1. For region 77-88: of the residues being within 19 Å of VAL130 (Cβ to Cβ) and within 14 Å of the chain's Cα centre (by Cα), which is least open to solvent (accessible area, probe 1.4 Å)?
2. Does GLY64 satisfy the criteria of being in contact with an Asp or Glu (Cβ under 8 Å, 6 or more places away or on another chain), within 20 Å of LEU43 (Cβ to Cβ) and among the small types (Gly, Ala, Ser)?
3. Collect the residues in region 77-102 that are assigned to a strand (DSSP E or B) and more than 19 Å from TYR122 (Cβ to Cβ), keeping them in residue-number order.
4. How about region 6-76: which helices (runs of 4 or more DSSP H) wholly inside it have at least 1 residues that are open to solvent by 40 Å² or more (accessible area, probe 1.4 Å), modelled with pLDDT under 80 and under 19 Å from GLY90 (Cβ atoms)?
5. Out of curiosity, is GLU98 at pLDDT 80 or above, open to solvent by 40 Å² or more (accessible area, probe 1.4 Å) and under 18 Å from ARG39 (Cβ atoms)?
6. Any residue in region 45-69 that's closer than 24 Å to THR125 by Cα: show its pairings with residues that are among the β-branched types (Val, Ile, Thr) at Cβ separation under 6 Å, as long as the two are six or more apart or on different chains.
7. Which of the residues that make up region 116-137 are hydrophobic (A, V, I, L, M, F, W, C) and open to solvent by 40 Å² or more (accessible area, probe 1.4 Å)?
Amino acid sequence: MDSLLAEKALAQSGVCPNLDTSELAPCTAFVPASQAIRRHATLVGERSSAAALRTMAGVHAVMGHIIPGTAMKTEDMPLGVCQQHTSKAGDVLNVWRESDAVRVSCSTSGVSSTARVINTTYYGTITVFVVDEVLVPWN
């Protein structure tokens, strides 16, 4: 499950080493699906997702997918209105809802990428959107 990978990513990157997410809550996390993380790790020359996540660039990438201070819900997003949020790493994420999907993009990383939300889970004050692409690349 991608939610398990999200928990592993937070733990392995050192963002939440003991899976204590209380310091992040409330927050919204855009977690790349398993295959997106593996594909990106391969692109940057890492043999495993875990190895990639432990690098400084990997930690930045994880933090770049987290918006602190708000647990966004799909139903609260206005249709067709782009909202900008600053990630924990300082990257600007653009989030908008279309009629059939929620999308998010990041252009401050120097690489403009747009991801589609493929699954949403609400954990109290933490919202996890599983997305189909890595938004903030490892450099």
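The values are calculated or read from the model by the stated rules, or taken from the named source; none is laboratory data. Remember, predicted model here, so these are calculated numbers, not experimental data. Cβ sites come from the backbone with ideal geometry, for glycine too, and all protein chains shown count toward neighbours. Accessible surface areas use protein heavy atoms only, side chains included; no ligands, DNA or RNA. Shrake-Rupley method; radii C 1.70, N 1.55, O 1.52, S 1.80 Å.
1. Among those residues, the one meeting the criterion is SER87.
2. So GLY64 fits the description; yes.
3. Listed by number, the residues that qualify are LEU79, GLN84, THR86, VAL92, ASN94, TRP96.
4. Here the list reads 56-63.
5. It is false that GLU98 is at pLDDT 80 or above, open to solvent by 40 Å² or more (accessible area, probe 1.4 Å) and under 18 Å from ARG39 (Cβ atoms).
6. Cβ pairs passing all conditions: ALA61/VAL136; VAL62/VAL15; GLY64/VAL136; ILE67/THR28.
7. Of region 116-137, the ones hydrophobic (A, V, I, L, M, F, W, C) are 117-118, 126, 128-131, 134-136.
Correct list: ILE118 only.
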